[in-house]
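Notes follow once the structure below has been shown.
The values are calculated or read from the model by the stated rules, or taken from the named source; none is laboratory data. Keep in mind the model is a prediction, meaning the values are calculated, not measured. Every residue, glycine as well, gets a Cβ built from its backbone with ideal geometry; the counts of neighbours run over all protein chains shown. For accessibility, only protein heavy atoms count, side chains too; no ligands or nucleic acids. Shrake-Rupley method; radii C 1.70, N 1.55, O 1.52, S 1.80 Å.
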Amino acid sequence: MALLGRFLSPRITKIIGSQARQLSTSSSRQNVDRPQFPGSRSEYSTKLEFIKPDDFKGIPVYRVMNAKGEILPGGLDPKLDKETVQKMYHSMTLLNTMDRILYESQRQGRISFYMTNYGEEGTHIGSAAACDPQDVVFGQYREAGVMMWRGFTLDQFMNQCYGNCEDIGKGRQMPVHYGSKDLNFVTISSTLATQMPQAAGSAYALKRAGKKLCVICYFGEGAASEGDAHAAFNFAATLECPIIFFCRNNGYAISTPTSDQYRGDGIASRGAGYGMDTIRVDGNDVFGVYNATKAAREMCVKEMRPVLIEAMTYRIGHHSTSDDSSTYRKKGEIMSWDDQSPIHRLRNYMENQGWWSDEQESAWKEKSKKKVMEAFARAEKRKKPNPEMLFTDVYDEMPPRIQKQMEFMKSHCTQFKEHYPFDDHVPMT
Ligand SMILES: Cc1ncc(C[n+]2csc(CCOP(=O)(O)OP(=O)(O)O)c2C)c(N)n1
Ligand SMILES: [Mg+2]
C-alpha cells in the first residue's frame, strides 16, 4: 500500500485504502465463516438436515371477532361508526339478494351464466372498506361486493349480466365480467391469474408516478397455482411495488379441494419465500379483514412494497351456474360453514351494539329485495346493443379491413333477416 501510494494521487490512495479495509473486514467475516454466496442470507451448518414443512406450526389465522359478534380479548375493534358498519351490512346482504335473483334468472334461461359470492362477503367488504377509493382493483371474478362497496349500482350489475345497451362493456363480455373506469376497477378477465402480473405492473406505474396509492389484486387459491401468480409475486417483490395480493382461499377451485391443490401451508406460506410481509386472516370476520387490509395498505403506500393477505373462507355456492357441487361435496359440509357466515357475525355485532333489530332486518330485507327486483326488471326490458358494436373500440380509427367486415355483416344480416331477429337490439345505422 505504501509503495503504491508513492505513484498514486492522495485521493486515489484514500479510495484504495478504504477498499482494502473493506476487504479485510470481509476476510475477518470470512474468519467467522459465513457463506458469501450472492443470493442468500444464512449461516453454514454441518448438520445434514432437510427443512420439514411439518416442523413449522401452521401460520395463524388472525381474527378479532367471534361467531357471536363479540370482540375477542386482545382483539382490535376498529371502532367503525354506526353508519359505516350498517353500510357494510347492507352491502353484504344486498350482494346476497342480488346473487339469488341473478342465479335464478340464469336457471330460468334469462341470462347465460352467473357466479355467486355466498360465504365470501366478509372478504369483499372488509378489504374494500379499508382501501382508498382511488386504489386500483384487479379482480378475478368473485369480487362483486368490492364493486358494490365502491358504488357500482344494481342497474350497472344487471345491465352487464344482461349484456344490454346500457352495459358499460357494450354486451361484449360474459356475465360477471364487470369493470368500471370511474371506480378504478379493472375489467375482469377470467383466464386465471392474467390479472396478477398486470396488477404488479400497475402498482409499479403508481410508484413511478409518485402516487400515494396502491393496487389490490384479488385471486383465488386455485389461481395461485398458475405460473402468472409466481411471476407477479416476484416482480412485485423485486421491484418493490405497492400492491396487496389478496388471496380468497375458499377451499375449492371448481371441484378440486385445497387438499388436492397444494401440499404447503396454504398460500400464505409462499409469501415469505418471495420476501413479502404476509398475514393470514379469518375471511369470515369482516373486522379482521378490515384491520389486516388497512395495515397492509399502509405498508404498501408508506414503504412501497408488496404485502400478501390470505383470507380463509368457504365457497358456499356452486362454482358457477356451469357447476353442480353436490357431486363432489356433502351438504353437511356446506351447512357447517353456513353457521359461520360473515353476515351472521356482523349482524350479531350490530345487535350487541344496539344498532340493529328484527324490525330493521325485515324492513331492510323487503326494501333490498324490491331494489334488486326493480333493477332486474329494468335491465331485462332494455334493448340489446347495436350489433355494430362488435367492431368498434379496438382501434381508435377503424381500419379499412374491419370496416369491410362490418359492412359484410350488415348486408348479410339484412339479406337473411329472418335468421337474425334483431328486433330487440338497438338498430344498426
Ligand atoms: C388459465 C385458466 N385455466 C382454467 C380455467 C378454468 N377455471 C375457471 S375458474 C377455475 C377455478 C379457480 O379457482 P380459484 O382460483 O380458487 O377461485 P374460486 O373460483 O374458488 O373463487 C378454473 C380451473 C380458467 N378460467 N383459466
Ligand atoms: Mg377457490
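What is the spin-label model distance, in nm, from residue 265 to residue 46 if the labels are put 7 Å beyond Cα along the C-beta direction?
Modelled inter-label distance: 3.1 nm.
In terms of Cα to Cα distance under 18 Å, which lysines are near enough to residue 371, apart from those fewer than 8 places away along the same chain?
Filter leaves 87, 381.
Along the Cα→Cβ direction, 7 angstrom out, place labels at residue 205 and residue 391. What is the inter-label distance in nm?
A separation of 2.9 nm, rounded to one decimal place.
So in the chain, which Cys have no other cysteine's beta-carbon sitting under 4.7 angstrom from theirs?
Isolated Cys, the chain: 131, 161, 165, 217, 241, 247, 413.
Taking 30 Å as R0, compute the FRET efficiency from the Cβ-Cβ separation of residue 357 and residue 380 and round it to 0.05.
FRET efficiency, residue 357 to residue 380: 0.30.
Roughly how many nanometres apart are two label points built 7 Å out from the Cα toward the Cβ at residue 323 and residue 366?
Rounded to a tenth, the inter-label distance reads 3.7 nm.
Cα-Cα over 28 Å: which of 52/207; 52/331; 181/302; 82/207?
The answer is 52/207; 52/331; 82/207.
Starting with the highest mean, order 361-374, 308-321, 80-93, 49-62 by the number of other Cβ atoms within 10 Å, averaged over the residues of each peptide.
308-321, 80-93, 361-374, 49-62
Going 7 Å from the Cα of residue 57 in the Cα-to-Cβ direction, what parts of the stretch 255-282 have a backbone nitrogen less than 19 Å from that spot?
265-270, 272, 278-282, by backbone N distance to the label point.
By how many nm would the segment from residue 254 to residue 81 grow when fully extended, if each residue of separation counts as 0.36 nm and the alpha-carbon distance is taken off?
In short, 58.5 nm is gained.
Find the centroid of the Cα atoms in the stretch 30-94 and in the stretch 181-242, then give the distance between the two in whole Å.
First find each Cα centre; the distance between them is then 21 Å.
Run the numbers for residue 401 and residue 182: contour at 0.36 nm per residue of separation, minus the present Cα-Cα distance, in nm.
75.6 nm
By a straight-distance test (C-alpha under 23 Å), which lysines pair with residue 410 as possible cross-link partners, with residues fewer than eight away in the same chain excluded?
Filter leaves 170, 383, 384.
Suppose every K and R has +1 on its Cβ and every D and E has -1 on its Cβ; what is the size of the dipole of the chain about the Cα centre, in Debye to the nearest 20?
With only Lys, Arg, Asp and Glu charged at Cβ, the dipole is about 1420 debye.
Return one whole number: the accessible area per residue of the chain in Å², for a 1.4 Å probe.
Solvent-accessible surface per residue comes out at 54 Å².
When the solvent-accessible surface of protein heavy atoms is calculated with a 1.4 angstrom probe, in what order do 339, 99 fall, highest first?
Sorted descending by solvent-accessible area, the residues read 339, 99.
Report the residues of the stretch 134-170 in range of a label on residue 373: point 7 Å along Cα→C-beta, backbone N strictly under 19 Å from it.
Those under the cut-off are 154-155, 158-159.
Given R₀ = 25 Å, FRET efficiency for residue 112-residue 191 by Cβ-Cβ distance, to 0.05?
So the FRET efficiency works out to roughly 0.90.
For the chain, what is the percent of antiparallel DSSP beta bridges, rounded to the nearest 5?
In the chain, DSSP labels about 15 percent of beta bridges as antiparallel.
At a 1.4 Å probe, what is the % contribution of carbon and sulfur to the accessible area of the chain?
Carbon with sulfur: 54 percent of the solvent-accessible area.
Within straight cross-link reach of residue 211, meaning Cα distance under 17 Å, which aspartates and glutamates are found once same-chain residues fewer than 8 apart are removed?
Partners found: 132, 135, 240, 298, 303.
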